[in-house]
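A short write-up of the structure that comes next.
The values are calculated or read from the model by the stated rules, or taken from the named source; none is laboratory data. Note that this is a predicted model, so its numbers are computed, not measured. Methodologically, a virtual Cβ is constructed for each residue, glycine included, from the backbone with ideal geometry; neighbour enumeration extends over all protein chains shown.
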Amino acid sequence: MVRYHVPGFISHPRLTQRVHFMYLVEMKRPSVPIIVGAAQYTQHKGTVRPHDPMGLMVKACRDALHDAKSTGLRDLIDRVYVINLFQWPLRDAPGTLCERLGIHAPQRFYLPVGGNTPQLIVNRAARDLAAGRCTAVLMTGAEAIYSLRKGLKGEIVLDWPESCPPERIDGESTSGVDDIEASYDLFLPSHVYPLFETALRASLRHTPDEHRLMMGRLFERLSAIASMNPHSWSRNALTAEQIATPTGENRYIGYPYTKSMNANINVDQSAGLVMTTSQTARSLGIPEDTWVYPLGGADLNDIWYVSRRPCLAGSPAIRAASRIALEQAGLSLDDIGVFDLYSCFPSAYDIARREIGIPEDDPRDRSVTGGLPYFGGPGNNYTMHAIATVVERVRKDRTLCAMVTANGWYLTKHSVGIYGGTPPVNPWDDRDDSPIQRTIDAGELPKPRERASGALTVEAYVIRHNSAGRPLSGTVIGRLVDGSRALADIDAGHDHLLKMEERELVGMSGEVRHDPVLARNLVRFPAVA
């Protein structure tokens, strides 16, 4: 048998004929997209004169370009992506970034809101690089919310450039909520994700205490991973009990989530990636043992508005996108050595696990960073940190394959990516996944009943808390007797809301009425009075 030398690979039992075959495929198809540069930066909490988000992005991009080990690559970058900034946006962030870096990229994009966007643009860039629509791509994102809050409190002086609204957003910018959901204050993620969690809890037939401890155990492992990650914002390893138990320091925010179960946006973090093709990288002399290959990817949405999804405890889009990405990569789930599941809240993390088909007792890590509550959740850009970490891991083990999931809005927009150290079997072509998207969208329910009356059976709920941990209000999603859906605020005071946190409301029926003054439905549960 003829044997082939694969540059950058060490001898390993798993590097079989399949690896050599894939290398031959890559040699015959030179426009294979690759990641050649990756960097991430966490700004120290004690920094006296901290960078603004643009300064953080410049730092990450310079480090990513340096990581690519090529002085000529900068001049070939013809596309730049900047992830949407939660705080301190600029009129033209991509233009300012290019100016600061000395890059003359004709294609510059400022992306819409969505934690899915870092993986989305890797998938998009891979297709466009493979098709020759661009030569080299730089992408970055950052937040400096921690320093901004310190500055607003007068604890430090910020000499940042003036912030102003962006002149444009490139891509869809549809709100994540409709008018009815907005009228019930279902906009903050901390008020929406509890709906998924309570629906999931009921579907699993867990008691509130059983499920609370289960969430703690899920996130205990994330906290342990974060404690060992030098880029993490918090490196304190928390136990399941510490995560799950509400205390003065770990209060409920949106029941059933304690503070330790919420993504932490109060961070200063940035990341950057550089992509090109194997042909370009080879011409620049970029060492092949640094190349990391996007092997497959998919981008799908669940039914856009939460209140119109028939099931609040699942995600058809994650299920389909993970399957499509694996098929493109020519891999099975067993071939994946490590995952990074989007972990803004326990429901997002565990629903993804279930939809992908990862067994509950699977020993493989489900995060490479430590997750959004502990590593840090820098706005829309968390997943770029996960991808940068995957690049580091794959460079150390060329046999490793990783899956990254990313999520925007409220389990709404999903992007999945597969990464590895060997060339892909299948090309990055302009695949049309719209028939699958139409199948998902076909399950959409009618708009909820604005004026409801009669018996309302709860499907999911949230109880909001103030900064002292005191319950303030609750909102339910439920079904009326005729099967139509309605939203309603819980008509109860502090003491009754506390009682509701001790028992399961899902499946319980209450009397709903419309209040014309409040312009909302109100529901009472006499059994919990």
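Taking the range 121-166 as the search range and keeping residues that are among the charged types (D, E, K, R) and under 25 Å from the mean Cα position of the chain (by Cα), which one is farthest from residue 98 (Cα to Cα)? I'd like the intermediate steps shown before the answer.
So in the range 121-166, the residues among the charged types (D, E, K, R) come out as 124, 127-128, 133, 143, 149-150, 153, 155, 159, 162.
Retained after the next criterion (residues that are under 25 Å from the mean Cα position of the chain (by Cα)): 124, 127-128, 143, 149.
Numbers: 124: 20, 127: 23, 128: 20, 143: 18, 149: 27 Å.
If we take residues in the range 121-166 being among the charged types (D, E, K, R) and under 25 Å from the mean Cα position of the chain (by Cα), then 149 is farthest from residue 98 (Cα to Cα).
Mind counting the residues in the range 240-260 that are of a type in the set (Asp, Glu) and either at pLDDT below 95 or in a loop (DSSP other than H, G, I, E, B) (or both)? Let's see the steps before the verdict.
Filtering the range 240-260 down to residues of a type in the set (Asp, Glu) leaves 241, 249.
Restricting the remaining residues to those that are either at pLDDT below 95 or in a loop (DSSP other than H, G, I, E, B) (or both) gives 249.
The total comes to 1.
Please state which one of 411, 472 is assigned to a loop (DSSP other than H, G, I, E, B) and in contact with a helix residue (DSSP H, G or I) (Cβ under 9 Å, 6 or more places away or on another chain). Give the steps one after another, and end with the answer.
Values: 472 fails: assigned to a loop (DSSP other than H, G, I, E, B).
Going through 411, 472 in turn, just one is assigned to a loop (DSSP other than H, G, I, E, B) and in contact with a helix residue (DSSP H, G or I) (Cβ under 9 Å, 6 or more places away or on another chain): 411.
For residue 270, which of the numbered conditions (1) in the same structural domain as residue 304 (by TED's automatic domain parsing); (2) surrounded by fewer than 18 Cβ atoms within 10 Å (Cβ to Cβ) fails to hold?
Tallying (1) in the same structural domain as residue 304 (by TED's automatic domain parsing); (2) surrounded by fewer than 18 Cβ atoms within 10 Å (Cβ to Cβ), residue 270 fails exactly one: (2).
Return the residue satisfying two criteria in turn: it lies in the range 236-261 and is among the hydrophobic types (A, V, I, L, M, F, W, C) and under 21 Å from the mean Cα position of the chain (by Cα), and of such residues it is nearest to residue 187 (Cα to Cα). Outline the logic, then answer.
Narrowing the range 236-261 to residues among the hydrophobic types (A, V, I, L, M, F, W, C): 237-238, 240, 243-244, 253, 261.
Now drop any that are not under 21 Å from the mean Cα position of the chain (by Cα), which leaves 243, 253, 261.
Working: 243: 24, 253: 14, 261: 18 Å.
In this case the residue turns out to be 253.
Would you please name the residue that is farthest from residue 124 (Cα to Cα), looking only at residues in the range 71-85 that are in a loop (DSSP other than H, G, I, E, B) and touching a residue at least 60 places away in the same chain (Cβ under 8 Å)?
Step one: of the range 71-85, the residues in a loop (DSSP other than H, G, I, E, B) are 71-73, 77-78, 83-85.
Still in the running and touching a residue at least 60 places away in the same chain (Cβ under 8 Å): 72-73, 77, 83-85.
Numbers: 72: 24, 73: 20, 77: 16, 83: 14, 84: 17, 85: 20 Å.
Per the stated criteria, the residue is 72.
Of (1) without any contact (Cβ under 8 Å) to a residue 24 or more places away in the chain; (2) surrounded by 17 or more Cβ atoms within 10 Å (Cβ to Cβ), residue 88 satisfies all except one. Which?
(1)
Looking only at the range 342-367, count how many residues are surrounded by fewer than 24 Cβ atoms within 10 Å (Cβ to Cβ) and part of a loop (DSSP other than H, G, I, E, B).
The number of residues fulfilling the criteria is 10.
Which of the residues that make up the range 188-219 are outside any helix (DSSP H, G or I) and in contact (Cβ under 8 Å) with a residue 60 or more places away in the chain? Please lay out each step first, then the result.
Taking the range 188-219 as the starting set, the residues that turn out to be outside any helix (DSSP H, G or I) are 188, 204-207.
Within the range 188-219, 188, 207 meet the criteria.
Out of the residues in the range 167-203 that are touching a helix residue (DSSP H, G or I) at 6+ places or on another chain (Cβ under 7 Å) and of a type in the set (A, V, I, L, M, F, W, C), which is surrounded by the fewest Cβ atoms within 10 Å (Cβ to Cβ)?
180
Out of all the residues in the range 312-322, is one or more crowded, with 23+ Cβ neighbours inside 10 Å, of a type in the set (Val, Ile, Thr) and not assigned by TED's automatic domain parsing to the domain that holds residue 458?
Checked against the condition, which is being crowded, with 23+ Cβ neighbours inside 10 Å, of a type in the set (Val, Ile, Thr) and not assigned by TED's automatic domain parsing to the domain that holds residue 458, the range 312-322 yields at least one hit.
Output yes when any residue across the range 111-130 is surrounded by fewer than 23 Cβ atoms within 10 Å (Cβ to Cβ), out of contact with any helix residue (DSSP H, G or I) (no Cβ under 8 Å at 6 or more places or on another chain), basic (Lys, Arg) and assigned to a loop (DSSP other than H, G, I, E, B), and no when none is.
Scanning the range 111-130 turns up no residue that is surrounded by fewer than 23 Cβ atoms within 10 Å (Cβ to Cβ), out of contact with any helix residue (DSSP H, G or I) (no Cβ under 8 Å at 6 or more places or on another chain), basic (Lys, Arg) and assigned to a loop (DSSP other than H, G, I, E, B).
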